[in-house]
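See structure below.
The values are calculated or read from the model by the stated rules, or taken from the named source; none is laboratory data. This structure is a prediction, so every number in the text was calculated from the model and none was measured. Every residue, glycine as well, gets a Cβ built from its backbone with ideal geometry; the counts of neighbours run over all protein chains shown. With ligands, DNA and RNA removed, areas are computed over all heavy atoms of the protein, side chains included. Shrake-Rupley method; radii C 1.70, N 1.55, O 1.52, S 1.80 Å.
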Amino acid sequence: MVGFRYMMLIGSVAFAGCAPVETLVSAPQVTAEKSPERAASQPFDWRKQVPSWFAAVEPFRVIGSKEKGVYFVGTKGLGMYFIPTKAGHIVIDGGMPGQGAYVIEAIRKLGYEPADVKILLNSHAHLDHSGGLAELKERTGAKLFAHEGDRSALEGGFYLGSEEKADMNAPPVKVDRIIADGEKVTLGHVTLTAHWTPGHSRGCTSWTTDVVQGGKSYQTLFFCSASVAANRLVGPAGQSGAQYEGIVDDYRKTFAVTRDWRPDIFLSNHPQFFDMATKQEKLVAGDPLAFVDREIFRSFIAKTEAAFEAGLVSQKLKYNAIMSE
């Protein structure tokens, strides 16, 4: 089974976190030119393989007024968000390990004090979104809020169901408050509502809040993810099995819940999901509502659901082929 395990490792590495929807259906194939044992033992260079996750972007206001807005403080390939209030500030996601300092510098560039960050929220416990949380927590003193489903992975610093894969580990970080589906978090003038959208991770949590621009309120969604990515949806008896028990039902539950969502603004932890580059160009050109798009999420979630179903079929076929060898 060495070849199979290596194939799974390569697939995990290529898709770890949340790959773009277009890449989710087919996984890379193992070639005869490489030794599986040797390749699998080599440390994975995230910076080399996914440079967009480390490409700096100047922080900017997505929507709202200066003191009552939502700001992007992430990289070209990773979405991290900053929400200031007079009672303290909120940060959503921490990027890769080592990127806590990047987020802190972005907050300073916007004219705010990182020490005033009071709440850290995490969309899900994968290293490209939870990796910087421990550093952010240590340097700001903020409290981390997360769903119980991701607590063990956050505090253990591992990718749930792939604990043996060191390349997918993140610095452990203590969860200070468990958030339930539908629970509201309020700080100053800002209230965010938690939406449990499991599958991509066991505790995957999306958030919504209302932001005022030009006297009108816009519902803003920070979507967790619903891609298959590195997840095992099925597995043969006697082997590792699914990533976690109930994962397929969780994905389908999330698709059922989100299918009718129509947020005014769709944001996510990977900017390509909501075409940030195009929208940012419009923003720079003078359109304050550049990120308002009530149709993009419906299209996104439909494509993601189709990719999930195709991925499920593909994984079943691979496992059946292996079992018949």
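Structure notes:
- Flagged links, alpha-carbon separation over 26 Å, of Lys184/Lys216; Lys66/Lys279; Lys109/Lys303; Lys137/Lys303: Lys109/Lys303; Lys137/Lys303
- The residues of segment 185-274 present an accessible area of 34 Å² per residue when probed at 1.4 Å with all protein chains retained.
- Largest-first ordering by accessible area, 1.4 Å probe, given options Leu160, Leu154: Leu160, Leu154
- The alpha carbon centroids of segment 154-225 and segment 263-325 are separated by 17 Å.
- Taking all protein chains together and rolling a 1.4 Å probe, Phe54 ends up with roughly 40 Å² accessible.
- Atom-type composition of the exposed protein surface of segment 186-325 places 53 percent of the accessible area on carbon and sulfur (1.4 angstrom probe).
- Whole-number D in µm²/s for segment 254-318 (Stokes-Einstein; Kirkwood sum over Cα pairs; 20 °C, 1.002 mPa s): 160 µm²/s
- Protection proxy ranking for 125-136, 88-99, 108-119, using the average of other Cβ atoms within 10 Å per residue and placing the highest first: 125-136, 88-99, 108-119.
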